[in-house]
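Below is one structure; the comments refer to it alone.
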Amino acid sequence: MQFEPRILSFLCNWCCYAAADSAGVARFSYPPNNRVIRIMCTGRMDPQFVVEAFYVRADGVFVGG
Amino acid sequence: MGECHYQSGNYEALVMAETVRRILDTVGINRERFTIDWASAAEGPRFVKLLTEFTEKIKTMGPLGEAEGLDWETLKFRLEAARNLCKNMQFRAQYGNLAKEIKKLGDYSPENISQAIEKKLVPQIRKRIFEAELKELIAQGPQAVEVLREKTGATEEEIGAILETLKKKEKK
Amino acid sequence: MVEAGRSPNIEILTLAEVESLSGKPGKFKAKVKIRPRYIDPDKCTACGQCMQYCPREAVDEYNERLDFTRAARIDFPQAVPTAYYIDEDRCLQLNHETCMICTNVCGPKAIDFNQEPEIRELEVGAVVLCPGFGNVPEEALTKYGYGIYPDVMTSLEIERLMCVSGPTEGEIIRPSDFSHPRKIAFLQCVGSRDVSCGRPFCSSVCCMYAMKEASMLKEHAPEAEIALFFMDVRTQGKGFDAAFERAVDKYGFRVIKARVPKVEQVDGRLALNYVTEEGTVHRELFDLVVLSVGLSAPEGAEELAKKFGIELNPFGFAKTEVKDPLTAKSGIYVAGAFHGPKDIPESVMQASGAAAKVSELLAEARGQDMVEKEFPPEDQELLEMPVRVGVFVCHCGVNIAGVVDVEAVRDYAKSLPGVVYAENVLYSCAQDSLEKLKEKIKEHKLNRLVIAACSPRTHEPLFQETLREAGLNLALVEMANIRDQCSWVHADDPEKATQKAKDQVRMAVAKARRLKPLELQKVKVTPSALVIGGGAAGMAAALSIADQGYEVHLVEKEAELGGHLRRVKFLAEGENPQKILKDLITRVEKHENIRVYKSASVENISGYVGNFTSTIKVKEGSKVINHGVVVVATGAKEHKPSGYLYGKNRKILTQLELEEKLSRGKRGLGKTRRVVMIQCAGSRGEELPHCSKLCCQQAVKNALRIKELSPETEVFIFYRDMRTYGFYEELYRKARNQGVIFLRYEPTQRPEVLKKGRGIVVRGYDALLGEEIEIPADLVVLSVGVAPDKENPIAQILKTPMTDEGFLMEAHVKLRPVEVAVDGVYICGLAHGPKPLEETLAQAKAAAGKAVIPLAKGFVEVPPIVSRVEEKKCIGCGICASLCPYNAIEMVKKEKRRKAQVIAAACKGCGVCGSHCPVFAITLGGFTDEAILEQIQAFGLPEAEESKEAELEKEAA
């Protein structure tokens, strides 16, 4: 079976989260591997969040501002 | 960049990102598993591109640990040390003060951030993570340096130095 | 719509018509006749039983007569009020006094056949007319075989056909044989730009909507081939050109410049004969022909005009003047398509502008009879109970349910720790669903909610309000975005989309368990405005705000007011722009509420909505002012093209430079025998990417002026698409009739300006002749377009986003066209995008209308997502204070110790402080470390979740 990575994304409400919404409105498609946590700003990102994500076995962490 | 809704929040994120990369280096996770990028509200297609590329990259890389040649037990052990590092008050203060210093000087170029972190944070990251790991390992009984190196990913010199300090502390 | 329905200060009268109006502005009496609904909307729960049992069929007008419905019905589920009604023309009881089935099946006993028409007399201060637009005349359709050949459909029918809640649930089938059409043609200008059916004007919106419909058709039926037949592609709105080109590129549309004269049926298909520009005759077969119908004046416009004593223009739309574009008559305003064909952003803008006009008129009475929305006190008992999460999984029609297995998601949600209730909802945002949501909260004692639906960016406020209405704190809801970021983007993989939806729900539930109530704070507003830019837009906005009773500081960088308008000498509409300008300046300078700063610039703006502090640099030094809102009307510049020998030869001018010459009368023209104009000189992909919207009518206006001054002077206009939209089309027709020669060029063959001997020639390609031509010219006039200020310092100070072209970006193109992403900042005029004067003035009113909202309210509610400090933990290191981008954290002495303190009104909720606190003493409401960590852990494999369950049980025990 092909490896399906588990990706956790932290998306800024005003930038990437909004971009992701607009990708939806435009019905673009992309791989269904990511799960999203909305934050208000990438400035909220704490190194511990990324470490925690790998600790629960994320294969990749994407931070989008 | 610089178009952040919150003025400078994303600059702070650059410092965070570089710190994370150094932590990943220390625990032996491929730093490419972490990425930070930007897309404005209007850039749906850009977001799609970024995420698709990232997913592809991770797909080629393979599962966490496996691709790094680390069994999950070892990786988990190291990540536990990293988790503690991230919650450690002294380390957080050092991290916060570094962010404050970079902000004051206003140079958010990747080179500058990388240099500052290399100088001020990396020694702390490595020392604290390895120290925590070694403490834990030694508590399980005497271990060969080879094993310690394998379990922690630290160099022989680093292990030596940390064991020294641990001994001193014990004596006190 | 939902918002209007929820406002306590808006009473919606449906099935109602104004019979007469008397009185004067500020004190009208309107007699309104309300026809019976036969169902009491207060009792109706929109359960749909009446419709289900109603035996009487009726044609579904809402679905463009493509389907059948029942005499008892609701047109669509999100209708406001969300209540059914009975069609009196079809109902058996009302026509034959037999049936009453609905009365018997209606649970809440809402049906009342005894209702009689009611006459109500309303006392109102002002009237805004928004009757919308009407249908094109029958003959405009029949000439294309509509009504004869079933597969000739209107664009409105296609709109319903594509709708997932429409008659075919979104399946595109042609009416004749229910097959899927493979070849589809769109015919533009049906009932527009057509003298033969009495619709000479352009409907402005059809080019763009045809592109949208064609794109959606491709999404529904990717194998379909689509051709669009245009005379000109009129996508002159902001960002429209780029969107159009993207769509053509992405979907491979064929764009054909030809007007198809008629449609014939051949062997079950439709044949189109057309002639392309180079003169070739084509015949092509299509499976489906879509008529892009135009916008006509609303039916009954004459009667309406009589009732309200207003005038109509020759085409039956409301007549207004450029200088006051929203006023039909004192106290009676217009907005939307009744003013002339226009799209949603324009209509919304006009609506805000009309509201500003009303507010100017009624400024004195502001606040009287106002109803404040009140929420019940928070249910402390419920809040203090252990966490009880309710999960609502929305179908969003088929938007989600068509891809994601929503029942499986609901069942999965039921198994999650902390969840005591889960259910599916068809449309969770519909009024009736929100009511049910409140009932469920009470019934199941829910104190945390997870709504798995669309994006919190658009819908969280709605659910937050519902929570407040149910006695819960607004911060106790978390949304899982399973539409915009799931079903819509993973439509090709329902299984993985369902898995993703489950994961997002699990993560949302995890976060919800950690949500804590947050406090709503109110901050007082400084009742004054800063308007930046003293051009037409800035002055009109300043006047409106001042007339509404608030102080205005108007800053102009030049030594005199007027901006761009100073150089405009004539208007396409015939009015005198210099008189309009003079009036504006006089009123601004005399107005007691306006302070004008000339030769001044804004150096700095700090603060937040309601409480800005700005530094204005004037000749004498700096001034600091406090104000509650900002209107940015910084304008734009005339583009100076680098090519076309511009600036190198006196015979080569811009349109504005020509206007200057023409303003001197025949003298200004001298011995000019031949004028050649070049449209899009520098625009639409040359040096400027965008269309500047106003140059086509500007060129035609100036061409006509030349013809008026000197009929023997020849005028040639090279163009790509003549974009004389709306009523400007009349000028275009007139220009052609007066002998102005229009030559179309392709973007690959832009005309060139060359020096030849002592003269100048324009070399271009004539599509009709199929060869290159050279026209010697006495004057070459370039339509150069509008160039934004890419480095707009105000945008940089305010950190407000700009479009790629360099215009200020609105917060939402359709819903918030004069607001930007920063609260309390409004935009209008050329800084927002190119537009003619009339639209600028309407938009300025709109910006003023919006800007006055916080001023009139007197306070702003601080969004609850702000940081807070746990004082006991704080070690006073000050890292947060120095990293805060808003200076919203101060260090204060408390009991001899340094502690951080958040200025809530200045905090924007970025959370930089929290992520850098050494001791986790400061954190962001709604995004606490615990909540995010819990979310991350829930992302982890479900095993982690099980251990959580054990933990939770322990906690509970």
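Per-structure values
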read-out	value
Every residue from the range C:333-381 that is part of a helix (DSSP H, G or I), out of contact with any helix residue (DSSP H, G or I) (no Cβ under 8 Å at 6 or more places or on another chain) and farther than 26 Å from residue C:547 by Cα	C:344, C:380, C:381
Those residues of the range C:322-332 which are in contact with a strand residue (DSSP E or B) (Cβ under 8 Å, 6 or more places away or on another chain) and part of a strand (DSSP E or B), in sequence order	C:327, C:328, C:332
Candidate set from the range C:156-190 (those that are small (Gly, Ala, Ser) and under 25 Å from the mean Cα position of the chain (by Cα)); member that is modelled with the lowest pLDDT	C:165
Counted residues, the range C:783-804 - those being away from chain B (no Cβ under 12 Å) and either in a loop (DSSP other than H, G, I, E, B) or modelled with pLDDT under 90 (or both)	8
Residue, farthest from the other protein chains (Cβ to nearest Cβ), within the range B:62-74, restricted to residues that are under 23 Å from residue A:34 (Cβ atoms) and out of contact with any helix residue (DSSP H, G or I) (no Cβ under 7 Å at 6 or more places or on another chain)	B:68
Subset of the range C:217-236 (residues that are within 24 Å of residue C:690 (Cα to Cα) and either aromatic (Phe, Trp, Tyr) or assigned to a helix (DSSP H, G or I) (or both))	C:229, C:230
Qualifying residues in the range C:499-540 (those that are of a type outside the set (A, V, I, L, M) and in a strand (DSSP E or B)) - the one surrounded by the most Cβ atoms within 10 Å (Cβ to Cβ)	C:535
When residues of the range C:894-916 are limited to those that are within 7 Å of another protein chain (Cβ to nearest Cβ) and touching a residue at least 24 places away in the same chain (Cβ under 8 Å), the one nearest to residue C:822 (Cα to Cα)	C:908
All positions within the range A:7-16 that are of a type outside the set (Val, Ile, Thr), more than 8 Å from chain C (Cβ to nearest Cβ) and either within 11 Å of the chain's Cα centre (by Cα) or farther than 17 Å from residue B:14 by Cα (or both)	A:9, A:10, A:11, A:12, A:16
Qualifying positions in the range B:46-91 - outside any helix (DSSP H, G or I) and among the aliphatic types (A, V, I, L, M)	B:64, B:67, B:70
Qualifying residue in the range C:436-445 (condition: within 14 Å of chain A (Cβ to nearest Cβ) and assigned to a helix (DSSP H, G or I))	no
Hits in the range C:605-639 (condition: touching a residue at least 40 places away in the same chain (Cβ under 8 Å), within 30 Å of residue C:568 (Cα to Cα) and not aliphatic (A, V, I, L, M))	C:634, C:635, C:637, C:638, C:639
Filter result for residue C:140 (within 28 Å of residue C:241 (Cα to Cα) and touching a strand residue (DSSP E or B) at 6+ places or on another chain (Cβ under 6 Å))	yes
Subset of the range A:27-37 (residues that are over 13 Å from residue B:49 (Cβ atoms) and more than 7 Å from chain C (Cβ to nearest Cβ))	A:33, A:34
First in the range C:872-893 and under 14 Å from residue C:908 (Cβ atoms), second anywhere and among the β-branched types (Val, Ile, Thr) and assigned to a helix (DSSP H, G or I), Cβ under 7 Å, 6 or more apart	C:883/C:912; C:884/C:912; C:885/C:912
Flag if residue C:770 is out of contact with any Phe, Trp or Tyr (no Cβ under 6 Å at 6 or more places or on another chain) and without any contact (Cβ under 8 Å) to a residue 60 or more places away in the chain	no
The range C:10-48 - residue that is among the hydroxyl-bearing types (Ser, Thr, Tyr) and closer than 16 Å to residue C:129 by Cα and, of those, surrounded by the fewest Cβ atoms within 10 Å (Cβ to Cβ)	C:22
Tally of residues being more than 7 Å from chain A (Cβ to nearest Cβ), touching a residue at least 12 places away in the same chain (Cβ under 8 Å) and of a type outside the set (A, V, I, L, M) across the range B:26-44	4
First in the range B:138-159 and over 16 Å from residue B:125 (Cα atoms), second anywhere and surrounded by 11 or more Cβ atoms within 10 Å (Cβ to Cβ) and of a type in the set (S, T, N, Q), Cβ under 9 Å, 6 or more apart	B:149/B:155; B:150/B:74; B:151/B:74; B:151/B:143
Lone unmet requirement of (1) under 18 Å from the mean Cα position of the chain (by Cα); (2) facing chain A (nearest Cβ under 8 Å); (3) of a type in the set (S, T, N, Q) for residue B:90	(2)
One residue from B:10, B:97 being of a type in the set (S, T, N, Q), touching a helix residue (DSSP H, G or I) at 6+ places or on another chain (Cβ under 8 Å) and more than 8 Å from chain A (Cβ to nearest Cβ)	B:97
Matching option when the condition is surrounded by 24 or more Cβ atoms within 10 Å (Cβ to Cβ), within 8 Å of chain C (Cβ to nearest Cβ) and small (Gly, Ala, Ser), among A:58, A:19	A:58
Search result, residues across the range C:661-698 that are out of contact with any helix residue (DSSP H, G or I) (no Cβ under 6 Å at 6 or more places or on another chain), modelled with pLDDT of 95 or more and in a helix (DSSP H, G or I)	C:695, C:696
Options B:124, B:115: the member that is in contact with a Phe, Trp or Tyr (Cβ under 7 Å, 6 or more places away or on another chain) and part of a helix (DSSP H, G or I)	B:124
Residues of the range A:1-35 classified as among the hydrophobic types (A, V, I, L, M, F, W, C) and within 25 Å of residue B:66 (Cβ to Cβ), total	5
Filter result for residue B:47 (among the aromatic types (Phe, Trp, Tyr), touching a Leu at 6+ places or on another chain (Cβ under 8 Å), facing another protein chain (nearest Cβ under 7 Å) and on the phi < 0 side of the Ramachandran plot)	no
Which listed residue is surrounded by 24 or more Cβ atoms within 10 Å (Cβ to Cβ), part of a strand (DSSP E or B) and facing another protein chain (nearest Cβ under 7 Å), from A:50, A:63	A:63
Residue C:411, sole failed condition from (1) within 27 Å of the chain's Cα centre (by Cα); (2) surrounded by fewer than 20 Cβ atoms within 10 Å (Cβ to Cβ); (3) charged (D, E, K, R)	(1)
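The values are calculated or read from the model by the stated rules, or taken from the named source; none is laboratory data. The structure presented is a predicted model; accordingly, all values stated were derived computationally and were not measured. Because the Cβ atoms are built from the backbone with ideal geometry, glycine has one as well, and the counts that use them run over all protein chains shown.
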